[in-house]
Structures are given as C-alpha cells and as structure tokens.
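The values are calculated or read from the model by the stated rules, or taken from the named source; none is laboratory data. Since the model is a prediction, treat every value here as computed from it, not as a measurement. Cβ placement follows ideal geometry from the backbone for every residue including glycine, while neighbour counts extend to all protein chains displayed. For accessibility, only protein heavy atoms count, side chains too; no ligands or nucleic acids. Shrake-Rupley method; radii C 1.70, N 1.55, O 1.52, S 1.80 Å.
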Amino acid sequence: MESSQAQHEETVVPIKPGLRAARADTAAPPAGAVPVRSRTPFWQYLGGALLIAAAVFVFALFPRLMQPSPDRPVATAQQPSAPAAPQLSAEELAALKSQADALLAKLLSQQSQLDALHVDSWGGDQYARYKELGNAGEDAFLANDFTKAVAKYMDATTVGSELLARSAEIVQRAIAAAQEAFAAANAEVAIAQYDVVLGIEPENATAKAGRARAERLPEVLALVERGNADREAGEPQKSIAAYREALAIDPHWEPASRALAAVSAGVRDSDFALAMSQGSKALAAESYAEAEKLFQTALALRPQAREAQDGLIQAQEGERLGKIALTEARALAFERRELWDQAIAQYKGALADDPTLVFAKTGLERSESRAGLDAKLRNLIDNPTLLFGDTVLADARKLVVEARGVAEPGPVLTDQIGKLDRLVTLAATPISVQLTSDQHTEVTVYRVGSLGSFAAKELQLRPGTYTAIGSRNGFHDVRQTFTVVPGRTLPPISVICSEPI
C-alpha cells in the first residue's frame, strides 16, 4: 500500500498548469457572451444528493432487501462481477503518460490560439464541450488514468481543430457579407460584419481597411447625391466638384467614379463642339493663328478626332501661306525702298522655312545683285579720288553703263548713276596746269613723260596726283608732287635745280 501511494505521488506531478488554471487566468468574456458556470458547485450538489440517497437506502431499503422473500428463491451463489481492467506494465504506463503530456501541450497551444481569436464570444456549446473534454482529461491525468486522459485530450484537440476551422469560416463569411453590404451602400451592416471579423482577428487588414471605408461611406453617399442633383440641374462643373470631393474621401467608390467619368465626357463633348465651331469661323476669316489654337484645343479633348486634325492642317497651311505672302510683301517693299540688306533677310528667312519657294530664290538673287551694285556705286561716290586711276576710271564707266541697264532703277539708283557719271566726266576731263623752270633743268613728269628744259610750259592733265622731277648736272635733283582736282585752278608749279652738289 505504501509503495502504491509512493508510486502515485511520483506520477502526479504538476508538470504543466491544467486547463482550469488557464481558464482562471482568462479575461472575463465580453458583454453578450454566454457565461460558462463553474464545475465545482455542480459536483457539490450532486455529492450531497447521493449521500442522502445512500442513507435512505441503508436505513430503509437495505434491511428489507436482505430478508428472504417467500415468493423469491434464495440465491445459492454470488453473481459474477464486471471484469477488472487489465493491469498495465510500468513501460506502458510511462508511454501513455508521455502521450498524455504531448497531447496536453498541444491542447494548451490550441487554447492559446482560441483565446487570441476570442473564442468565448462565438464558440457557444462547441467551446463548452471543448472545455469539458479538456477538464475531464485533466482529472484523469491527475488520477493517473492515462488511458482515459489520452482519450479525452484527443477528443478535446479534435473539437479545438473544429473551432479553429470554424473561426476561419466565420471570418470569411463576415468579410464577404460586409463587402456585399458596403457595395449596397449599407454602412451600418458593413461595420457590424467587420466588427465580427475584428472580434476574432483584431489585426485583420482587410477588415480594418473595410471598416474605415464604411465609417466614411455616409459622407461619400451625400456628396454623390449632391453631385447627381447638380448634374440634373444642368450644373456640370458643380457636379464634377462634388464627385471629386467624394473620390478624395474614397478613391475606390465606383458610383462616384462612373458619374465623374460620365459628366466629364459630356463636358468634353460640349467643349469639343465649341472649339470646332469657333475654329471653323476663324479659318473662314483667315485668322489662321487663332484657328490653329482652337483646333489644338479640340484635339486635346479628342486626340483622334479627324475633323479637328483636318482643321488644324488647314489652319497651319493657311498660316504658312499667309506668312509666306507677308514675307514676300515685306521683301518687295524693302526692294521698292532700295533697302537691299533688309530684303535679303526676308528672302533668306522664307527659304529657311521652305527652300522650294521660287519667289524667294529669284528675289534673293535680284536683291543680292542690286546690293552689290549699290555697294560699288557708294564706294566710288564716297571716294572720288579712286577715279584718278586709269583702271578704276575705266571700271567706273562700265559700272555706270551697268547701272543704267537696270529696269525700274528707283530714285536711289538713279541718283547714284547721275553722281558717278558726273564724277567720271570730271575725272576724265583734262585741266590746264602751268609749269615753270630755268631753261637749264631737265623736267620729267610721271604719267606724262620727259618735257626737257623750258622756261614755261602748259600741260593738260586729268585730275589726279602727279610728280615732276628736275635734274641738272652738278646740282641736286628736285621733286614736286601736285594734285589736279576737278574745278580747282592750281598755281604754277616751279621745277628748278638750284642746289649745287
């Protein structure tokens, strides 16, 4: 007996806290949850009732049962009792205890998972059954009935697995119901369903996000309703503002997105029609720049609109032709004013835009030719002494002939021709020049020749610069440079060698 008691004490060791202890530490269930009564009062009442029944049996019924009845034969032999449970070896007991330990560890882990899912708020009778099986297994374990403990623990873990699967199903159904209610604009039902999910999984991202949207759904609905009213009242811009405000709160609310798209499309259609109408009027009025802007506005609203593309092409072509015509007119105006550099700039600008322009090619050639003629005429007119040279004088005569051959010369060229012609005439007309000497000095004039010795001599010289050199044996040479200028009379030029060597 002592050895048996010692063996019992060695077996019943509190390796892990039991389910009762775990339950005692669990927080109180939320309001509305069905409370689970403690098992201790029930067994106290049941034990008291059994004691009273046993007393009645012993003192009242048992003596009667022990007396022989005349109508009942006296038993001659004891009835056989139920067979005793098979005795387990120490190794078998150890194996069962180990299995019970493992199952208990699994059960405690399962209990933690269920507690995290707030199972007491939705587990109902199934959760009560789960706790009952766990407690029965715990009692059997403490009584060293490891066979029974293993059976109860296994049943409890099975029920626990069913509860865990059931929680996932509840979450899935509640999310689906919440989303359906939200799509039907029922914020109250959606919030309630999301709360079911969050009661099981407080950190469920889908439920948290969905509940946040559902909380603001009334605001979104009110803004959409206001947008609808503005739309019906013919105020598209106001309705667009309302829809956009709703989408700023919930960018994924489809009714607002669809309504905004529809109203915006209508506004775009109206703006497109207006731009096309105004663009066509501008095109007819040859206001090509304005027409181009309007057709570009229309294309921004409908990038693939063929009519807008055609209108833009016409406006651009009209503007291009107008620009060409304007350039040609400006260039011709500069030509008429004989401002050749400005005309050349206009023609070059036109050819930069379109190298095939014939008027620009011919105009540029004509203007460059006239600009070259103008430059030559100006140079000779501004520098008449250049005409004193025979070569330049001959070129000037040709230049005058060339200038007179220009059709429609214009006042500037006509004046230049007259000026240069007079300068050429003056440069070619000889002027009388008097030279004096001592009849001993030999005089030579460059560009004229040797004049010999003389006392006085008159020469007819064209305008220009001349040098007279006097030479005499035994005397230093002398040099006299003088310039013959048209319209001016020179005093006599004296050439005498008077300085002996």
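At-a-glance table
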item	result
Cβ-derived FRET efficiency at R0 25 Å, Asp341 paired with Arg404, nearest 0.05	0.60
Residue-normalised accessible area of region 222-303, given per residue in Å² at a 1.4 Å probe	57 Å²
Percent breakdown of C-alpha pair distances by 10 Å bin, ordered from the shortest bin, for region 119-200	19, 32, 22, 15, 9, 3, 0
15 Å beta-carbon shell around Thr429, net charge (K/R +1, D/E -1)	+2
Accessible area per residue in Å² at 1.4 Å probe, computed on region 315-454	56 Å²
Sequence-distant lysines (8 or more away, or on other chains) whose Cα lies within less than 23 Å of Lys148	Lys16, Lys97, Lys106, Lys131
Pairwise Cα inverse-distance average, inverted: Kirkwood Rh of region 342-456 (Å)	17.6 Å
Equivalent ellipsoid dimensions for region 401-475 as semi-axes, Å, which come from the Cα gyration tensor, largest first	43, 10, 8
Two-decimal Rg/Rh across region 316-376, once Rg and the Kirkwood Rh are taken from alpha-carbon atoms	1.00
Whole-percent carbon and sulfur share, accessible surface of region 90-232, 1.4 Å	54 percent
Accessible-area composition of region 275-371, carbon plus sulfur, in percent [1.4 Å probe]	54 percent
Spread of Cα-to-Cα distances over 5 Å intervals beginning at zero, given as percent, for region 238-286	5, 21, 19, 14, 10, 9, 9, 7, 5, 2
Environment charge at Glu442 (Cβ cut-off 10 Å; Lys +1, Arg +1, Asp -1, Glu -1)	0
Principal axis dimensions, largest first and in whole angstrom, of region 279-361 by Cα	49, 23, 16
